[in-house]
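Report on the following structure.
Quick note: the coordinates plus some simple rules give every number you see, no bench work behind them. What you are looking at is a predicted structure, and each value in this text was computed from that prediction instead of being measured. Here the Cβ is made from the backbone with ideal geometry for all residues, glycine too, and neighbour counts use every protein chain on show.
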Amino acid sequence: MSETIKVPTMAEYMAQGKQPEVLFWVGCAGSFDDRAKKITKAFVKLLNKANVEFAVLGTEESCTGDPAKRAGNEFLFQMQAVTNIEVLNAYEVKKIVTACPHCFNTIKNEYPELGGNYQVMHHTQFLKTLLDEGRLTIEGGKFKGKRITFHDPCYLGRANNVYEAPRELIQKLEAELVEMKNCRRNGLCCGAGGAQMFKEPEKGDKDVNVERTEQALDVKPEIIAAGCPFCNTMMTDGVKAKEKESDVAVMDVAELIANAEDL
Amino acid sequence: MEYLPNILFGIILVLGIGFFTKNVKKLIRNIKLGHDVDVSDNKLQRWKNMVMIALGQSKMVRRPIAGILHVIVYVGFIIINIEVLEIIIDGLFGTHRIFSTFLPESVYGFLIGSFEILAALVFISVIIFWARRNIIKLQRFWKAEMTSWPKNDGNLILYFEMVLMTLFLVMNATDVHFQEMNSGNIISQHIATWFSGLSENTLHFIERAAWWLHILGILVFLNYLYFSKHLHILLAFPNTYYGKLTPKGQFNNVEAVTKEVKMMMDPNVDPFAAPPEGVENTVPAKFGASDVQDLSWVNLLNAYTCTECGRCTSECPANQTGKKLSPRKIMMDTRDRLEEVGKNIDANKGEFKPDGKQLLDDYITREELWACTSCSACVEACPVSIDPLSIILDMRRYLVMEQSAAPMELNNMMTNIENNGAPWPYNQMDRLNWKNE
């Protein structure tokens, strides 16, 4: 891979007395999780290709507080929120894009009341805008004609009613988009939300991610597309549990677009 | 003596409505045990939601079979109640079919004819509903929380409706004058053939019996509402009005926490300063909820509104994979505990005497609370805008902020966020390392 990605920080922009067009909020998974880092890089490559002037906070970024809030720790959430808002406001950030629906939901919906008002976009929405503005082109490439099913992340779909942006991007790949039994507002959770990602599930007769993966495998896809690093992990584990990893790949929408062009 | 039936009818009517009113007052008092929330915003959208979701049944029909059957029963219920108006006037003044005396025969016939058709359709729908519960045994009606009373309650309501519709049709079928009018007896004329050969006196007796049982049945049913899951026929309207308007993923920011956090972050605050004169101690007695009084009154209204249809539970990923969590049970438990608290208040002259019980542990277990993925599927599924998720979250808040009783792995996650700004133990200074990897 051509490993020359440009990732400027807000601090660097500020030193030059400039403002980027958009802040890329990488998120904890995007920064530290080995699988999610690939999504981060794929998205950065697309931003570079479209000549988007973006910046990251880098070491100044911290957890949005989403898992703490959903676990019930409102104190920790608000401490994180207020700290992040101070940093964001100090840089006079107006527009934020993130590849994590949990960060997306928290910053978009829960930060305004605490003093953080930004235009927040999920990366699929942002890529869709780039496409519409003609700044980015999408070719089918190796995904042309492939059967792809999209797993709606709860915090993008049901929580914020974003259903179409990721689907429109997939269709641009000239792929065959197939829908699962439960999709859009009826989409079944991958099992990671509400801080479940960080704990063992309660006793039951099945894991949620296996149930969801079975729904996906029912429509015989070659690729399960995701739009969330946590869903990605859960679905990847689900595919492994069903021993289908040689037939079915789990990929983020940004990876699909970047890989289609061999970026 | 000839006024005896009218007087009797009047007394029964006053008793029936009076007893119901008394229970409605109790219901309102119980709902007000919840803490206050501001729902005065966005009135237009709220009215719109009520019209679309409650009146227009827009979310019911997302499941077409149950939805359409429900619309029939719902429309039947509302329209057939016009007939009840006539029954009440007849009962009070000793008239017989008073509307027929001043309405043109064709109009009256059309009215009663439509009631008859609706009554027959309701009867059929209710039988299908009964079959779905008891013969087809749809999964959501056979979950763990649907035993004993909740199960019997569901069937009892269906029997009630079957009997009421039958009485209405029999009343029309045995009304000799009405049958002779031969207008509007579209269904009852066929039922009348079952009674052919009976003397006019016998027919009159049956007609009167059906008339009385019908109106008595309606009054009993009205009073049954408070004790059953069936309150939704009234509460669906306020409940959809007060339902959540913000995006489903948006959870409220606890105000008391905001104040504390702002104070902690403000370097100019003197932590030892006495509160200014006249300002109450604003820190609430409790963070989160362990009992019904800690929930908002909208949560409590939600609990009374729930008709235990189980759409939430059937969509819940935790429940689908065999976990104990059932959003419907969260609502049922909240109502049961609220009723218990209400009875306690009644027994103790208007004041709640601690009974050593609470919603947490005595009704809702921690295992249920921690199984939630906060995916909002239950909120999306509810046909009357109930929000079980906000109760789950408030109870988690109590567990974490009051009891430090989160599961070990979650405590680790939160410690990591506190120490290094990520749920995993990675150094914040390494956040941009991916760039060069």
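Across the residues of B:394-402, average count of Cβ atoms on other protein chains within 10 Å?
4
Distance in nm between label sites at A:THR4 and A:ARG185, each 7 Å beyond Cα in the beta-carbon direction?
If labels sit at A:THR4 and A:ARG185, their model points lie 4.9 nm apart.
Among A:LYS41/A:LYS244; A:LYS18/A:LYS95; B:LYS26/B:LYS353; A:LYS6/A:LYS38; A:LYS144/A:LYS220, which pairs are too far apart, with a Cα-Cα distance over 20 Å?
A:LYS41/A:LYS244
Averaged over its residues, how many other protein chain Cβ atoms are within 10 Å of peptide B:256-263's Cβ atoms?
4
Give me the angle, in degrees from 0 to 90, between the Cα long axis of helix B:388-397 and the longest principal axis of the Cα atoms of chain B, rounded to the nearest 10.
Rounded to the nearest ten degrees, it is 30.
Take peptides A:237-248, B:359-370 and line them up by average Cβ neighbours within 10 Å, highest first, as a rough protection proxy.
So the peptides A:237-248, B:359-370, ranked by packing, come out B:359-370, A:237-248.
Which of these, A:MET234, A:MET121, A:MET79, has the largest mean-square fluctuation under a Gaussian network model of chain A (Cα springs below 10 Å)?
Top of the fluctuation ranking is A:MET79.
Translational D (Stokes-Einstein, µm²/s) of the range A:10-131 at 4 °C and 1.567 mPa s when Rh comes from the Kirkwood sum over C-alpha pairs?
This corresponds to a translational diffusion coefficient of 89 µm²/s.
What do the square roots of 5 times the Cα gyration tensor eigenvalues come to for chain A, in whole Å, largest first, as semi-axes of the equivalent ellipsoid?
29, 24, 15
Taking Cα centroids, how far is the range A:17-71 from the range B:53-88 in Å?
The range A:17-71 and the range B:53-88 have Cα centres separated by 51 Å.
Whole-Å semi-axes of the range B:1-132's equivalent ellipsoid, largest first, each the root of 5 times a Cα gyration tensor eigenvalue?
Working from the Cα gyration tensor, I get semi-axes of 33, 26, 16 Å.
Net charge near A:LYS242: determine it from the other residues with C-beta under 13 Å of the C-beta of A:LYS242, scoring Lys and Arg +1 and Asp and Glu -1.
Surrounding charge for A:LYS242 is -3.
For the range B:1-79, what D do you get in µm² per second when you plug the Kirkwood radius from alpha-carbon pairs into Stokes-Einstein at 25 °C and 0.890 mPa s?
D, rounded to a whole number, is 146 µm²/s.
How big is the range A:138-260 in terms of Cα radius of gyration and Dmax, in angstroms?
Considering the range A:138-260 through its Cα atoms, Rg and Dmax are 13.7, 45 Å.
Starting from the range B:101-137, pick out the trypsin sites (Lys or Arg not before Pro) whose DSSP state is loop and whose Cβ has at most 15 other Cβ atoms within 10 Å.
B:LYS137
Treating only the Cα positions of the protein assembly as shown as identical point scatterers, give the base-10 log of I(q)/I(0) from the Debye formula at each q in 0.11 Å⁻¹.
With one equal scatterer per Cα and no solvent, log10 I(q)/I(0) is -1.14.
According to the Kirkwood expression over distinct Cα-Cα pairs, how big is the hydrodynamic radius of chain B, in Å?
Mean inverse Cα-Cα distance, inverted, gives 25.5 Å.
What's the FRET efficiency of B:ARG132 with B:ASN412 using the Cβ-Cβ distance as r and R₀ = 45 Å, to the nearest 0.05?
Efficiency computed from Cβ-Cβ geometry: 0.45.
Pull out the extension gain between B:ARG29 and B:GLU255, defined as 0.36 nm times the separation in residues minus the alpha carbon to alpha carbon distance; nm, one decimal.
Taking 0.36 nm per residue and subtracting the Cα distance, the gain is 78.8 nm.
Measure up A:LYS37/A:LYS206; A:LYS69/A:LYS94; B:LYS143/B:LYS343; B:LYS32/B:LYS259; A:LYS94/B:LYS248; B:LYS143/B:LYS329 against 19 Å on the Cα-Cα distance and list the ones that go over.
A:LYS37/A:LYS206; A:LYS69/A:LYS94; B:LYS143/B:LYS343; B:LYS32/B:LYS259; A:LYS94/B:LYS248
So what's the angle, to the nearest 10 degrees on a 0 to 90 scale, between helix B:327-347 and the longest Cα principal axis of chain B?
80 degrees
Once label points are set 7 Å from the Cα along Cα→Cβ at both A:ASP205 and B:VAL61, what is their separation, rounded to one decimal in nm?
3.6 nm
Give me a single rounded figure for A:150-159: the average over its residues of other chain Cβ atoms within 10 Å of their Cβ.
Average per residue, whole number: 4.
Could you compute the net charge surrounding B:PHE251? Neighbours are other residues with a C-beta less than 15 Å from the C-beta of B:PHE251; K and R count +1, D and E count -1.
Charge balance near B:PHE251 sits at +1.
For chain B, what is the relative contact order in percent, using Cα pairs closer than 8 Å and at least 6 residues apart in sequence?
19 percent
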